[in-house]
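S.K.: My questions will all concern the structure given below.
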């Protein structure tokens with residue numbers, strides 16, 4: 001009796017259900033290599049980021065230094081009295097206010113705004129209520145381009161009765177009232193950054209000179 005060879009072949013081709021043997025050592029080695037490769041990548045990225053950060057920081061510092069060294073600096077100098085005379089019925093006051101650009105580059109779109117007031121000793125130019133102001137004598141606005149190491153001047157002249165006899169006594173004799181000139185200078189530099197200077201000077205009648213009033217002179 002012959003054997004059925006096809007059946008034997010079918011039996012040999014049946015799939016096996018055996019799983020490959022798990023190796024914990026191989027698994028740790030594979031995972032370890034993967035983590036190591038990722039750590040190397042992360043470190044490389046971190047180094048690149050830090051390098052970029054410090055490079056940017058150095059560039060930023062250099063840029064700021066360059067701007068500071070090459071920007072304009074516009075200031076208001078102490079006014080110079082040209083004429084100062086008071087009587088019971090007449091006033092003759094003239095003084096020149098000068099402005100200078102001490103920087104290395106021009107100051108563009110320079111706007112000089114100034115105001116002359118009669119006020120008491122507690123006058124604060126930042127107080128827009130003007131509660132310490134007796135009278136606004138004058139105000140002026142000028143727009144120019146001020147080149148580096150250049151100056152400009154504004155002449156203020158007043159004739160007639162700018163204050164009453166009693167106010168004049170408070171001003172000249174009792175030093176209760178003063179004439180102030182104050183204002184702002186706004187301008188733009190070559191980098192298109194905006195700047196502002198504030199100034200305030202008080203006329204000392206006894207000394208016949210202008211002097212700075214508190215700490216209201218500052219540049220931004």
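The values are calculated or read from the model by the stated rules, or taken from the named source; none is laboratory data. These numbers come from a predicted model, not from an experiment. No Cβ is skipped: glycine too gets one built from the backbone with ideal geometry, and neighbour counts run over all protein chains shown.
S.K.: Give the residues of segment 192-215 that are in contact (Cβ under 8 Å) with a residue 12 or more places away in the chain and not in a strand (DSSP E or B), sorted by residue number.
M.R.: Scanning segment 192-215 gives 193, 205, 206, 208, 213, 214.
S.K.: Hey, any hits in segment 205-215 for a residue that's surrounded by 15 or more Cβ atoms within 10 Å (Cβ to Cβ), touching a strand residue (DSSP E or B) at 6+ places or on another chain (Cβ under 6 Å) and at pLDDT below 90?
M.R.: For segment 205-215, residues surrounded by 15 or more Cβ atoms within 10 Å (Cβ to Cβ), touching a strand residue (DSSP E or B) at 6+ places or on another chain (Cβ under 6 Å) and at pLDDT below 90: present.
S.K.: Would you be able to say whether some residue in segment 94-103 is over 36 Å from the mean Cα position of the chain (by Cα), touching a residue at least 40 places away in the same chain (Cβ under 8 Å) and either surrounded by 15 or more Cβ atoms within 10 Å (Cβ to Cβ) or closer than 29 Å to residue 179 by Cα (or both)?
M.R.: no
S.K.: Would you confirm whether any residue within segment 171-181 is farther than 23 Å from residue 126 by Cα, at pLDDT below 90, assigned by TED's automatic domain parsing to the domain that holds residue 99 and surrounded by fewer than 12 Cβ atoms within 10 Å (Cβ to Cβ)?
M.R.: yes
S.K.: Right, another one. Hey, can you tell me all the residues within segment 189-220 that are closer than 21 Å to residue 107 by Cβ and touching a helix residue (DSSP H, G or I) at 6+ places or on another chain (Cβ under 8 Å)?
M.R.: 189, 190, 191, 193
S.K.: A further question follows. Please go through segment 81-95 and give me each residue that is over 19 Å from residue 167 (Cβ atoms) and either modelled with pLDDT of 95 or more or in contact with a helix residue (DSSP H, G or I) (Cβ under 7 Å, 6 or more places away or on another chain) (or both), ordered by number.
M.R.: Residues satisfying the conditions do not exist here.
S.K.: What about residue 82, is it in a loop (DSSP other than H, G, I, E, B) and either assigned by TED's automatic domain parsing to the domain that holds residue 209 or touching a strand residue (DSSP E or B) at 6+ places or on another chain (Cβ under 6 Å) (or both)?
M.R.: Judged against the criteria, residue 82 is not a match.
S.K.: Kindly indicate whether any position in segment 150-160 is within 19 Å of residue 75 (Cβ to Cβ) and without any contact (Cβ under 8 Å) to a residue 24 or more places away in the chain.
M.R.: The answer is no, given that none of the residues of segment 150-160 is within 19 Å of residue 75 (Cβ to Cβ) and without any contact (Cβ under 8 Å) to a residue 24 or more places away in the chain.
S.K.: Limited to segment 142-162, what total is found for residues that are in a strand (DSSP E or B) and loosely packed, with under 15 Cβ neighbours inside 10 Å?
M.R.: The qualifying residues number 8.
S.K.: Identify the single condition in (1) under 18 Å from the mean Cα position of the chain (by Cα); (2) exposed (fewer than 15 other Cβ atoms within 10 Å of the Cβ); (3) assigned by TED's automatic domain parsing to the domain that holds residue 192 that residue 64 does not satisfy, given that it satisfies every other one.
M.R.: For residue 64, the failing item is (3).
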